[in-house]
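Right, one structure below, let's go through it.
Any read-out appearing in this document is the output of simple, stated calculations on the displayed coordinates, not a laboratory observation. Computed from a prediction, not measured in an experiment: that's the story for all the values here. Here the Cβ is made from the backbone with ideal geometry for all residues, glycine too, and neighbour counts use every protein chain on show.
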Amino acid sequence: MRFTKSLIPVIAALLFTLNAHAADDKFITVASTTSTANSGLFDVILPVFTKKTGIEVRVVAVGTGKAIRLARSGDADVLFVHHKPSEEKFVADGMGMKRSDVMYNDFVMVGPASDPAGIKGSETAEAALKKLAAAKAPFASRGDDSGTNKKELGLWKAAGINPKTSSGTWYRETGSGMGATLNVASGMNAYALTDRATWLKFKNKGDLAILVEGDPKLFNQYGIILVSAEKHPHTKTALGQKFIDWIIGAEGQTEISNYQILGNQAFFANAKPGS
Amino acid sequence: MTDISAAFATAIQLLITLDANLIEIVGLSLQVSISAVALATVIGLPMGAALALFKFPGRGTLTVMLNALMGLPPVVVGLVVYLLLSRSGPLGVLGLLFTPTAMIIAQAILVTPIIAALTRQVVADLWVEYAEQMRSLGAGPLRAVPALLYDARFTLVTAVLAGFGRASAEVGAVMIVGGNIDHVTRVMTTAIALEVSKGDLALALGLGIVLIGLSLAINAATFTAKQRAEAAWT
């Protein structure tokens, strides 16, 4: 018993130091998507903001659907995701303050370079999806209610196809993040929809290549919203607003546009001045 | 094959250069898992011993439940702790979500049943041996708890190590309650998961090799310490 008793102060000390560390810092929590974090953008631009303001930005990178749920529960101060209809609903529900555009890039359809379904060069994403469904070509879907997943389902709907009825056959729902889904696609030579930034940064491409791009419907807009203090009084509204002002302001926008992956611009800043 | 050889090269490189990020992540992993195991030990040892020594109605059921809880799925524990600590949850006011403390709580919940169940078995076996002797000395179960725990201390080290193995290897719970925030709640297992999702399999496996090495070092150190202590005792 002496042994166990001697552990109590040790634990108390450990818990205390950990908490002290957490409480001292000036920080905000941002619920964001795997694409922004996995692309490496945050690693480059957040230190610039922190250096200027002394505010640490803690990013929890999950799918858009989950990020919105985190923000709804009040577990984040700022929401930074990419599915405009969901974002507007979040604001309309009174969960968040104003929504601002931040940046965009695009989605691309990737698949085996040999392209057995012959979708390469399709004018539209819809046409490509129709070919995939007709050929019953393996397609790896996020299946996780993320922004990319919502986008993909919207495209299937526009193509007049319900892929869910084929779930488990050629339509494979991984239920995981973009990178994990690309790993699956790479492993089974399946087709997939991905945001361009994650694709550029992704290292386990295997035989996959970009097959369809450039359709205006593949546009990918990112937006930022301050979580409402009315619903969650503990949120750090002032610090969160500072971050939003910075990222949609001149400096943040320049940092975003300057960020490159392997010589390619990953995101295009498009915040409206004075918004 | 190239990924596997690249992984070993990456692991060696990370260790030789004492990569600052790696040190931070390893440090936090140890801090979280050791704290969780310490907490679980303080709760689990007496709990297991009491379950072995005291006779009360429902003891069998409780024992079965405790044994079953050794298989608690980390994701489920993470989810429950998340719901408790979320700002919308009952303990939300504490603001503990996405902190190392939340990770310690989740891992302690995972590890406590393991330590308690193994302790119960060890102490129950000892009690069979010593019960008569202790009773003749007028020592009831309450007095026997500390005595038997002390007597079994070398065996119980293995129980604690089993708990540590579980804590340091799990990813499901810490990912949910910690959020895998860089420099704040990123530990070895969540860093590995992140690198896998970036498709950097060599770096992920390299980190995995470092984690296994770390576990090996801790077990070797404990083994040596235990042997010395046993030698000094006998």
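Please compute, for the alpha-carbon atoms of chain A, the extent along each of the three principal axes and give them in descending order in Å.
66, 60, 39
Please compare each pair in A:K130/A:K157; A:K98/A:K236; A:K150/A:K272 to a cut-off of 21 Å on the Cα-Cα distance and tell me which ones are over it.
Values: A:K130/A:K157 11 Å; A:K98/A:K236 15 Å; A:K150/A:K272 25 Å.
A:K150/A:K272, as the Cα separations exceed 21 Å there.
If I model a spin label as a point 7 Å beyond the Cα along the Cα-Cβ vector, how far apart are those points for B:L91 and B:L69 in nm?
1.4 nm
Starting from the Cα of A:K201, draw a straight line to each of the aspartates and glutamates and keep only those under 19 Å, dropping any in the same chain fewer than 8 residues away.
Output for A:K201: A:D43, A:D106, A:E213, A:E255, B:D3, B:D182, B:E195, B:D200.
Quick one: the Cα spread of the protein assembly as shown along its three principal axes, in angstroms, biggest first?
90, 51, 50
If you count the DSSP beta bridges with both ends in the protein assembly as shown, what percent of them are antiparallel, to the nearest 5?
Details: 24 of 39 bridges.
Of all bridge pairs located within the protein assembly as shown, approximately 60 percent are antiparallel.
Need one number: nm distance between label points at A:H234 and B:I4, each 7 Å from Cα along Cα→Cβ, rounded to one decimal.
The answer from the label model is 4.8 nm.
Given points 7 Å out from each Cα along the Cα-Cβ axis, report the A:A134 to B:A147 separation in nanometres with one decimal.
With each label placed 7 Å out from Cα toward Cβ, I get 8.5 nm.
Can you tell me the Rg and Dmax of the range A:103-236, counting just the alpha carbons, in angstroms?
When restricted to Cα atoms, the range A:103-236 yields Rg and Dmax of 15.9, 55 Å.
When only C-alpha pairs under 8 Å and at least 6 residues apart count, what is the relative contact order of chain A, in percent?
Values: 504 pairs, mean separation 74.4, N = 275.
Relative contact order comes out at 27 percent.
So what's the Cα pair-distance distribution over the range B:90-234, bin width 5 Å, in %?
In whole percents, the pair-distance histogram is 2, 9, 13, 14, 15, 13, 10, 10, 7, 5, 2, 1, 0, 0.
Taking θ = phi - 60°, what integer Hz values does the Karplus form 6.51 cos²θ - 1.76 cosθ + 1.60 yield along the range B:153-160, in sequence order, with x for Gly and Pro?
Coupling constants for the range B:153-160: 4, 5, 5, 5, 4, 5, 4, 5 Hz.
Give me, ordered by chain and number, the residues 5 or more places off A:E56 or on other chains with an amide H under 5 Å from its own placed amide H.
Correct list: A:K26, A:F27, A:I28.
Given a Förster radius of 45 Å and the C-beta distance between A:N264 and B:F223 as r, what FRET efficiency does 1/(1 + (r/R0)^6) yield to the nearest 0.05?
Values: r = 52 Å, r/R0 = 1.15.
Here the calculated transfer efficiency is 0.30.
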